[in-house]
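Single-structure report; data block below.
The values are calculated or read from the model by the stated rules, or taken from the named source; none is laboratory data. Everything quoted here is computed from the prediction, not taken from an experiment. In this analysis, Cβ positions are derived from the backbone assuming ideal geometry, glycine residues included, and neighbour counts consider all displayed protein chains. For accessibility, only protein heavy atoms count, side chains too; no ligands or nucleic acids. Shrake-Rupley method; radii C 1.70, N 1.55, O 1.52, S 1.80 Å.
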Amino acid sequence: MEKSLKIVMIDDNKDFLFTMETFLSRNGFEVYTAEDGQQGMDMIRKERPDLILLDIMMETLFSGFEVCKEVRKDDELKDTPIIGISGMGEELEIDYKQWPDYDYFRPDAFLDKPVDKPQLLRMIPEVIEKVRKRKRRPKWQKEREKEWAKKASQSQ
């Protein structure tokens, strides 16, 4: 039997965590939840998940932005797929996809709240495969992409 994918989900909204944990568990995933960034980082380091579902703006000092940054700079965790989730689009009328911040927050995909659950189920394997392909790229290609990203961020 195929092992179920392990997901760490970090969000400061307990009701959202419960709803999503129940939904994902019923769909065959092994789900671990954390209510703040520090607890989430501890869980990520302990569980080594296949995917992280990460709320961007939590009302704690260690928000989703910081979690993402910590994961990306940790050599053992940096290739862990991250799907950023936020209600800021609805609350602040900001479209993250239109104004991404790749220097500070680099998820592999992004979903607005309320989360479209069928879309999330389709997105999970796509994001995991995207990251697997990125990891298999030759070193020269990775270096060139870093150079292009740096040039692009300087020209904005």
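With the condition kept exactly as written, say whether any residue in region 38-47 is within 16 Å of residue 59 (Cβ to Cβ), in contact with a strand residue (DSSP E or B) (Cβ under 9 Å, 6 or more places away or on another chain) and in contact (Cβ under 8 Å) with a residue 12 or more places away in the chain. Within region 38-47, one or more residues are within 16 Å of residue 59 (Cβ to Cβ), in contact with a strand residue (DSSP E or B) (Cβ under 9 Å, 6 or more places away or on another chain) and in contact (Cβ under 8 Å) with a residue 12 or more places away in the chain. Taking the numbered list (1) touching a residue at least 24 places away in the same chain (Cβ under 8 Å); (2) on the phi < 0 side of the Ramachandran plot in turn, residue 19 passes all entries but (1). Which members of region 5-29 meet the condition of being hydrophobic (A, V, I, L, M, F, W, C) and in a loop (DSSP other than H, G, I, E, B)? 5, 29 - these are the residues of region 5-29 that are hydrophobic (A, V, I, L, M, F, W, C) and in a loop (DSSP other than H, G, I, E, B).
Quick one: how many residues across region 50-72 are open to solvent by 10 Å² or more (accessible area, probe 1.4 Å), in contact (Cβ under 8 Å) with a residue 40 or more places away in the chain and within 11 Å of the chain's Cα centre (by Cα)? Reasoning before the result, please.
Keep residues of region 50-72 that are open to solvent by 10 Å² or more (accessible area, probe 1.4 Å), which gives 50, 57-63, 65-66, 69-70, 72.
Right, trim to in contact (Cβ under 8 Å) with a residue 40 or more places away in the chain and you get 50, 58-60, 65.
In the following step, the residues that additionally are within 11 Å of the chain's Cα centre (by Cα) were identified as 50, 65.
Residues meeting the conditions: 2.
From the list 44, 85, 56, 94, the lone residue that is over 21 Å from residue 128 (Cα atoms) and either of a type in the set (Val, Ile, Thr) or at pLDDT 90 or above (or both) is 94.
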